[in-house]
1. Quick check: residue separation of B:I423 and B:I262 times 0.36 nm, minus the Cα distance between them. What number comes out in nm?
2. Indicate the gyration tensor shape class of the range B:338-427 (rounded, prolate or oblate), computed on the Cα atoms with a ≥ b ≥ c the square roots of the eigenvalues: a/c under 1.5 is rounded; otherwise a/b larger than b/c is prolate and the rest oblate.
3. For the pair B:N2 and B:I453, what calculated FRET efficiency results from E = 1/(1 + (r/R0)^6), where r is the Cβ-Cβ distance and R0 = 41 Å, to the nearest 0.05?
4. Normalise the Debye intensity by I(0) for the range B:131-184, one equal point scatterer per Cα, no solvent, then take log10 at q = 0.21, 0.23, 0.26, 0.31 Å⁻¹ and round to two decimals.
5. Report, in deg cm²/dmol and to the nearest 500, the calculated mean residue ellipticity at 222 nm for chain B, where each DSSP H run with n ≥ 4 adds -39500 (n - 2.57) and the sum is divided by the residue count.
6. Normalising by the residue count of chain B, find the relative contact order in percent from Cα pairs under 8 Å and 6+ residues apart.
7. Go ahead and run the numbers for FRET between A:W99 and A:F27, Cβ-Cβ distance against an R0 of 45 Å, rounding to 0.05.
8. Exposure proxy check: B:V402, B:V127, B:V68 ranked by fewest other beta carbons within 10 Å?
Amino acid sequence: MVSDFGYILLFIITAVTFCAVALGGAFMLRPNRPNIEKLSTYESGEAPDGNASVRFNIRFYIIALLFVLFDVELVFLFPWATVFGNKILIEETDGVWGWFALSEMFIFIGILTLGLAYAWVKGYLDWARPVVKNSNYQSKIPASAYEKINQKY
Amino acid sequence: MNSIIALSLFGIANLFLGFLNNRKILLPATLAFVLVALGLNLADWNQEYLWFNNMLRTNNLSVNFASVILVATFLVVAVSRGFGDDEEHTHPAEYYAIMLFSVVGAIMMVTFENLIMLFVGLEILSVSMYILTGTDKRNLRSNEAALKYFLMGAFATGILLFGIALIYGATGSFNIHGIEALVLTAAGGSAPALLYIGIVMVIIGLLFKVSAAPFHFWTPDVYEGAPAIFTAFMSTVVKTAGFAALFRLLGGAFTGVYGTWIYILYFLTMLTLIIGNITAVYQQSFKRMLAYSSISHAGYLMLTATAKVAHTQSSILFYSLAYSVATISAFAVLMVVAETKESNAEKTNENFDIFNGLAKNNPLLAFVLTVSMLSLAGIPLTAGFWGKFFIFSDAFQRGIVVPLVVAVLMSAVGIYYYFKAIISAYFKEGDVPAIELKPIYKITLIVTTLLTIVLGIAPDLVKSIF
């Protein structure tokens, strides 16, 4: 009999063995003839241009932050799903359990949706645009002078 | 316990009230929210409940602590004046919402039954505080304070969490009553070394949050950099919650092995008292002096939090209440006076000399300042005196003489720097124009001052409840 953590250890061992066997087998069977084309980064058929570590626009930051937030929310759904579908609990309570767990999750997601609505109203979901400032430069030459020159020539 | 749920929902409601384009509504709404939470909190009186799968426990002790926290929050919100009329740079809806969220964390810290809840509560409180410290975005000091606070706080949280993990490793339980039972059986000396290391680490993590020496280095910078209103909030609510958590652990779960931590705590108490009081003497800035004074008050509270006498809890509660009320009125006076002076000068001046000649045109403000300083110094007929008296007599009954002598000596030192403010208000030449106070501000100041005096004359009014 293995404990719960024992199962995790078995999973780790299986994963490592599987990768080792698959990659090691391929390594031993395949011919090895590298060239520049083969070693270059695969970018959907485009020719790779420049380095990957370039400066990203600050605009992506807020979007990335919001994405991470809701990604983390999704992680919470997985442990909930196992309890939600627990057959013994559902049978013992005549199906009330399912509704209870479902409504609890809706409350949780509802609160997070309120957060999204807040960010939306605040305008954090808008793509940050650079504000174009009109130059208030006042030319000393009057506009009529230009018109006269245009008429003359 | 419903107060936790209510406050979370109120916080969200507050965020959305901010869209109404009406800044006037936020202050009364927040005050009403805090009052409702206080009512819900008092509804748990005289009932002992376990909530959320043994995660939280409410009893009279936790109701008392939560009430002190909520009263302090109410007073701080009342003197916040809606954060002014600067539409562009202040966001009152967010500030009030974060304050309400942080109170949720504080209440979790006084009701926790499970160490995980202690951690969650502490983090809710701390993260809110990091944000509130940095709210004055255009002020470099505020930004610096927020970053310092965040970095140091994150370290302290890490140490606390490591301690909790080690305690779990040694006892196999997160539940503080489970830990208490296991610690008692292990008191014979059979406990693994992990337990002792874990206990000391948890204590270090909590002492950091209540700014006890030698973990106090962040306090002066953070208190000085943060906007005064949030400094008042930080030095009252966070401190009360921190000591409640510390007391519940030391007086409950860790009692069995008190030999491991009691001498460390005595030493740190003396160190905190000496560093806090002596350094406060040399401060030019009133706000920085209050920061060191909050360190020294942490020392007094540590003196009594170290052991479980029958009335230790009521001493801590009374002291927290007296200290909170006096600190809030001191900060309230500082805020209005500094703001009036600010219009003339470029830089915000929060030194002692802004109070020069305060009594001439503003007798009420000078009186409020005087009473709060007397209370903090522990002069008789103020609440602060009885707070100190209860703590010293508790310590005397338990026979811890050396820390007690240090505490008495240091409270004499305290009189010097608290009186500096009174002297500048009454005896120094200076011109403070007559300051127009809003009604709610004036009422709050009168209430805090009256509370200090009434508790100083009849401490049993509150002490008998605790």
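Readers should treat all values here as calculations from the given coordinates under stated rules, not as data from a laboratory. Just so we're clear, the structure is a prediction, and the values are computed from it rather than from any experiment. Glycine gets a Cβ as well: all are built from the backbone with ideal geometry, and neighbour counts include every protein chain shown.
1. On the way: separation 161, 0.36 × 161 = 57.96 nm, distance 3.97 nm.
Using 0.36 nm per residue and subtracting the Cα-Cα distance, I get 54.0 nm.
2. Numbers: a/c = 3.49, a/b = 2.46, b/c = 1.42.
Prolate.
3. Working: r = 34 Å, r/R0 = 0.83.
Approximately 0.75, to the nearest 0.05.
4. Listed by q, the Debye log ratios stand at -0.73, -0.80, -0.91, -1.06.
5. Values: 20 runs with 334 residues, N = 466.
Helices in chain B give a 222 nm mean residue ellipticity of -24000 deg cm²/dmol.
6. Numbers: 772 pairs, mean separation 66.1, N = 466.
Reported relative contact order: 14 percent.
7. So, using R0 = 45 Å, E works out to roughly 0.25.
8. Values: B:V402 11, B:V127 18, B:V68 27.
Exposure proxy ranking, most exposed first: B:V402, B:V127, B:V68.
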